[in-house]
Amino acid sequence: MRKILLRGMRLIDPATSTDERIDLLIAGGVIAARGVGIVADQETRLVELPGAVVAPGLVDMHVHLREPGREDEETIESGTRAAVHGGITALAAMPNTEPTIDTPAWVEYVRSRGRLAGVHPIAAITVGREGRTLAPLGELAEAGAVAFSDDGRSVADPSVMRRALQYASMIGRTIIAHCEDQALVGSGIMNEGLASTRSGLSPIPTVAEETIVARDILLAQSTGARLHIAHVSTRGSVKLVRRAKADGVAVTCETCPHYFCLTDDDVRSYDTSMRVNPPLRSAGDLKAIREGLRDGTIDVVASDHAPHSLEEKQVEFDAAPPGMIGMETLLPLTITHMVDTGILSLGKAIALMTVKPARALGITAGTLATGAAADVVVFDPEGRVEVTGDWFRSLSKNSPFVGSTLSGRVLMTIHDGQVVFEEDLENTCGSSEDNGKRAAESNELVVGV
Amino acid sequence: MNWTRKHLLGLEGIERDEIITILDTTSRFREILDRPVKKVPTLRGITIANLFFEPSTRTRMSFELAEKRLSADVLNFSASTSSLKKGETLRDTARNIEAMKVDMVVMRHPSPGAPHFLTNHIDGSIINAGDGSHEHPTQALLDLFTMREHAGDLKGKRVTIVGDILHSRVARSDIWGLKALGADVTLCGPSTFMPTEVEKLGVTVTHDIRDATGDADIVNILRIQRERQNGGFLPSLREYSALFGINAARLREMKPDVLIMHPGPINRGVEIAPDVADGDRSVILEQVTNGVAVRMAMLYLLSMVRASKRVEEADILAEVGA
């Protein structure tokens, strides 16, 4: 395997509190050396991209890969291709596939099929995600499940949730809670507020999320288990988590870019790419989410990448399935809406997508420490991204950001020491002829795997 | 004339002048309905499809009558024969309608925004005949026309809407139209039937029926769907009737010249007592007649926009020598 020297670029690694202009040498699939003036030998590929940032490969802890079951929408292959296009080298795959990932064999299947990026399976909490019988959490963990979630719905029965937390705690795994009280959601389609009043779409009150956030925090507190709350979207949820953390509860939480850059007002266009669960919230909620990211209440930014076919989305708004793709826009949306707006430093933003999700999942990833696996993203924080349907590598195109221009362009992604994505350098300013040739070579590599 | 829109999707964002144009045009068509021969050749050669994805007798009949009185060719497509049941998407239905070269589409659909969706897939003009709980613009226009006939200029007039505002497309369209004409709008009904932050639309909300109707010039009573009782919105229809129903005793406490309206179909004895519905302050049947005239006016105005577009295109073609 060829060595790679990333030379003279700004290296940001929050896990080691690094933000300086140093070289990074990758050899044997790991970070071999860091420092100033590392010399490249003839075996080493030299990468020097002016203005670029070198960071740990991103960790997206909330992804729907659709395989098995809906390979027309996404496969593990296409999903990981999309991931590395977005600078993501490790992702956690949610178990709400067809069938549900609730047996060791399926965990093994999902875990072993990620080649371009690391795929970490999350297994179901209950058999078939039906909320009744605990799945074999111990065996699932042994097969490689990094966490458990019935994502897509809450475990409605509090006693089942309590036992799940107790049991997961015994085997040292985190429960990821999708917080939504189905009775309060009812036939709801969008966030309850002025926008739902105007659009006539059935409203979902914010308390539908918050009552379960509160319940699960109390259950985590009483069992001492580790709880991670998925896709926090409301002001009330942020407040509950903030208070729980102050009380010493072992809780972490995530939000998704759409909750800090879109609001329920965007739903009034009846554009089905805006339909998502939890629904886009009010401007006040958006402000609270941004504040939660700034003050550290929210630990993680994850995509909740949810591919849907064009056929499924080209229907009436209330008939469209909820969800939007997001792995490829995770970094540019976070830079554009959280860093360029001055709310977060670039270092803090990177931490939310690297070391912090890795810690929440308990996986070894998200750092450029010497000796760590060489999972690296090189990106230009000022580079423009014109989002079009064709730009996505995902099999599905259901993004509300098609047509927008964002900042934060991924130039190169390295997984286990191999270049798994590389921008067409001939179209990038500051590239040499040599780099162009190498780009062509590495594209062959991508195609070959 | 002040009408340049291609579609009538709702009354949100509509200008006062546009409503005045529609109401003035309606007056002209209303007069036709009193003639012995009630048919004019205005829309001869124009094909209109009525797509009803939800049961409706009155609105569908009203549109069909309006279309026939304007001599349009009419195509009916109703829920029982709908493509949805055959697993086709609304988009495919739209593309088929488009392929049949239909000029205008009137659509009733249970999903809010369905007519907006249709505009992306159809070249013809679209009239929203009710989309879920969103809007029902022609109903609101016939309400406005009827109010104007009796009360004159609606600026400063007190209009109260009573009932299930949350699920009502009529209420939403009425609010937009009435606000555009400068009326003072009050909403009255149980708290479970009030949409969130509805006050921000510039209306007053009260849960006291006496407060709401005491000095009202017009009281528009909405139908209470019987299934709402099962949905947990109401303890019982009896309780609704006791707290919010309009009966003769309550009518006596209102202004003597108050106008009682209802978009129908009425639940006698629930939201309105039979003697009030049939009484001398009620204009409920007049609303039905005016509905046909308003729809004729709307179809006419939209056809004029289409015709002027065709003339423009012909001019351009002539200029380039095609």
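Dipole orientation for chain A: of the candidates A:224, A:88, A:363, A:224 has the Cα lying most toward the positive pole (charges on Cβ; Lys, Arg +1; Asp, Glu -1). With r as the distance between the Cβ atoms of residue B:206 and residue B:95 and R0 = 51 Å, compute the FRET efficiency 1/(1 + (r/R0)^6) and round to 0.05. Efficiency computed from Cβ-Cβ geometry: 0.60. In terms of other Cβ atoms within 10 Å, B:18, B:197 run from fewest to most in the order B:197, B:18.
The modelled label-to-label distance between residue B:227 and residue B:78, using points 7 Å beyond Cα along the C-beta direction, is 1.8 nm.
Of B:261, B:298, B:100, the residue with the greatest mean-square motion in the GNM of chain B, using alpha carbon springs below 10 Å, is B:100.
Across segment B:144-157, rounded Karplus estimates of 3J(HN,Hα) from the backbone phi angles (6.51 cos²θ - 1.76 cosθ + 1.60, θ = phi - 60°) give 4, 4, 5, 4, 5, 4, 9, 9, x, 4, 8, 4, x, 6 Hz, Gly and Pro being marked x. When each of B:78, B:168, A:407, A:222 is scored by the number of other beta-carbon atoms lying within 10 Å, the sequence from fewest to most is A:222, B:78, A:407, B:168. For chain A, the Kirkwood hydrodynamic radius from C-alpha pairs, put into Stokes-Einstein at 10 °C and a viscosity of 1.306 mPa s, yields a diffusion coefficient of 72 µm² per second.
Extension gain, residue B:252 to residue B:71, is 60.6 nm, computed as 0.36 nm per intervening residue step minus the present C-alpha separation.
Full extension of the chain segment joining residue B:239 with residue B:288 gains 14.7 nm, where the gain is 0.36 nm per residue of separation less the Cα-Cα distance. Positive end of the dipole of the protein assembly as shown (Cβ unit charges, origin at the Cα centre): among B:126, B:159, A:353, the Cα lying farthest that way belongs to B:159. The label point for residue B:304 and the one for residue A:424, both projected 7 Å from the Cα toward the Cβ, are 5.2 nm apart. Taking Cα atoms only, the orientation of helix B:58-69 departs from the longest principal axis of chain B by about 40 degrees. So if I take the centroid of the Cα atoms in segment A:192-223 and the same for segment A:34-63, what is the distance between those two points in Å? The two parts, judged by their Cα centres, are 42 Å apart. What is the helix-to-structure angle for A:207-223, meaning the angle in degrees between its Cα long axis and the longest Cα principal axis of chain A, kept from 0 to 90 and rounded to the nearest 10? Helix A:207-223 sits at roughly 80 degrees to that axis. Applying Stokes-Einstein at 4 °C and 1.567 mPa s to the Kirkwood radius of segment B:137-284, computed over alpha-carbon pairs, gives a translational diffusion coefficient of 86 µm² s⁻¹. May I ask for the Kirkwood hydrodynamic radius of segment A:299-355, worked out over all distinct Cα pairs and given in angstroms to one decimal? One over the average 1/r among Cα pairs gives 12.9 Å for segment A:299-355. Between B:289, B:89, B:206, the GNM of chain B built on Cα springs shorter than 10 angstrom shows B:89 fluctuating the most. Dipole magnitude for chain A: computed about the Cα centre from +1 point charges on Lys and Arg Cβ and -1 point charges on Asp and Glu Cβ, it is near 1260 debye. Considering only B:194, B:241, A:189, and ranking their Cα positions along the charge dipole of the protein assembly as shown that arises from unit charges at the beta-carbon of Lys, Arg, Asp and Glu, the one farthest toward the positive end is B:241. For the cross-link pairs A:239/A:356; A:313/B:6; A:239/A:287, the ones whose C-alpha atoms lie over 18 Å apart are A:239/A:356; A:313/B:6.
Taking label points 7 Å from Cα along the Cα-to-Cβ direction, residue A:10 and residue A:142 give a separation of 4.9 nm. Hey, in the GNM for chain A with a 10 angstrom Cα cutoff, which one of A:240, A:310, A:24 fluctuates hardest? Among A:240, A:310, A:24, the largest mean-square fluctuation in the Gaussian network model of chain A belongs to A:310. With the biggest extent put first, the Cα atoms of segment A:84-136 measure 38, 19, 16 Å across the principal axes.
Where does each of B:157, A:239 land when they are ranked from fewest to most other beta-carbon atoms within 10 angstrom? Present the calculation step by step, with values, prior to reporting the outcome.
Values: B:157 20, A:239 16.
Exposure proxy ranking, most exposed first: A:239, B:157.
Estimated at 0.36 nm per residue, the fully extended path between residue B:278 and residue B:31 surpasses their Cα-Cα distance by 86.5 nm. Under a 5 Å amide H cut-off, with hydrogens placed 1.01 Å from N, residue A:18 pairs with A:13 among residues at least 5 apart or on other chains.
Can you list the residues of segment A:291-332 with backbone N under 14 Å from a point 7 Å past the Cα of residue B:120, pointing along Cα to Cβ? Only A:309-321 fall inside the zone, counting backbone N under 14 Å. An ellipsoid equivalent to the protein assembly as shown, defined through the eigenvalues of its Cα gyration tensor, has semi-axes of 57, 32, 22 Å when rounded to whole angstrom and sorted largest first.
Every number in this text was worked out from the coordinates using simple rules, so none of it is lab data. Keep in mind that this is a model prediction, so the values were computed, not measured. Please note: Cβ atoms are built from the backbone with ideal geometry, for glycine as well, and neighbour counts cover all protein chains shown.
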